[in-house]
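**Q** Below is the structure I would like to discuss, written out as structure tokens.
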Amino acid sequence: MTNPAERLVDLLDLERIEVNIFRGRSPHESLQRVFGGQVAGQALVAAGRTTDGDRPVHSLHAYFLRPGRPGVPIVYQVERVRDGRSFTTRRVTAVQQGRTIFDLTASFHRPEEAGIAHQLPPARVVPDPEELSTVAEEVRDHLGALPEALERMARRQPFDIRYVDRLRWTREEITDADPRSAVWMRAVGPLGDDPLVHTCALTYASDMTLLDAVRIPVEPLWGPRGFDMASLDHAMWFHRPFRADEWFLYDQESPVATGGRGLARGRIYDRDGNLLVSVVQEGLFRRLGEQPS
């Protein structure tokens, strides 16, 4: 039995069925829709496999158009938009059962030494990940035991996630809570040495907790949800090389939520405080049972 990190690498290993066409697996799961991070990560793999490999991705912009269906393969069609001296641009359309479910544009940049260099320091000092409990440990401490469904989920989880701020379990605890969240993350096992795999694995992880920041002032993160939520779009800028199987800090905030949508921003740092990746995502939030008029 492979570990969850190996399964993630396998999930990102697409089948090439034509020069610019790839097929990705979509595991059978109990989720209502395919996890958005999986589709984004696979789409980025497809884009990267049509480049020379000497230019790392520096940005991506994506839209989640329709919910994907678990257990049904997804076909990724790549358009070679541009191959320039410094930049390469690819557009990827994800199709499932004849319908477009996801659209991504990615830009790859030849590394350069010239130019300006600066960085704002991290917004706050946080404990090291070794000082924090895992999510499973926090749930077990609160409930006295880990429910079977969460036990199965924890065994399949490809990332170790540790919340910097303790989890809130009741609505009384979220009174006046700021729309901010931070987690330490890393893959639960080695991911190999291919930089594209690490970039796509982190793209997968970037969709796991970012919308937490929108929910924190409204409801506890764990327990029954009062909202149906879905990612609408996702953008990332990659600033420095990194490994997704080493600890990184994902600092998240929501500057605004209105009109059934919430915006979240994330900054990903290494343990030395170097900014690795910037992320922005908008999500749809509807109270359960509500439909748009």
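The values are calculated or read from the model by the stated rules, or taken from the named source; none is laboratory data. Just so it is clear, the structure is predicted and the values come from calculations on it, not from any experiment. Cβ sites come from the backbone with ideal geometry, for glycine too, and all protein chains shown count toward neighbours. Please note that ligands, DNA and RNA were not included when accessible areas were found on the heavy atoms of the full protein model with its side chains. Shrake-Rupley method; radii C 1.70, N 1.55, O 1.52, S 1.80 Å.
**Q** Nearest 10 degrees is fine. How inclined is helix 36-48 to the longest principal axis of the chain, computing both from alpha carbons?
**A** 20
**Q** Quick one: pull the percent of accessible area on the chain belonging to carbon and sulfur, 1.4 Å probe, ligands and nucleic acids left out.
**A** Carbon plus sulfur share of accessible area: 49 percent.
**Q** For a quick check of your reading of the filter: which GluC sites (Glu not before Pro) in the range 76-138 sit in a DSSP loop and have no more than 12 other Cβ atoms within 10 Å?
**A** Sparse-neighbourhood loop GluC sites (Glu not before Pro): Glu112, Glu113.
**Q** Considering the options Gly98, Ser86, Gly115, tell which one lies farthest towards the positive end of the dipole of the range 69-115, charges being +1 on Lys and Arg and -1 on Asp and Glu at the Cβ, about the Cα centre.
**A** Gly98
**Q** Here's something else I'd like to know. In percent, what relative contact order does the chain have, based on Cα pairs under 8 Å that are 6 or more apart in sequence?
**A** 18
**Q** A follow-up question, please. Which of (1) 26, 24, 20; (2) 46, 22, 19; (3) 30, 23, 20 is the computed semi-axes √(5λ) of the Cα gyration tensor in Å for the structure on display?
**A** (3)
**Q** Rolling a 1.4 angstrom probe over the protein heavy atoms, how many square angstrom per residue are accessible across the chain?
**A** Normalised by residue count, the accessible surface of the chain is 53 Å².
**Q** Can I ask one more? Between the helical axis of 195-206 and the dominant principal axis of the chain, each derived from Cα atoms, what acute angle in degrees is found, rounded to the nearest 10?
**A** 30
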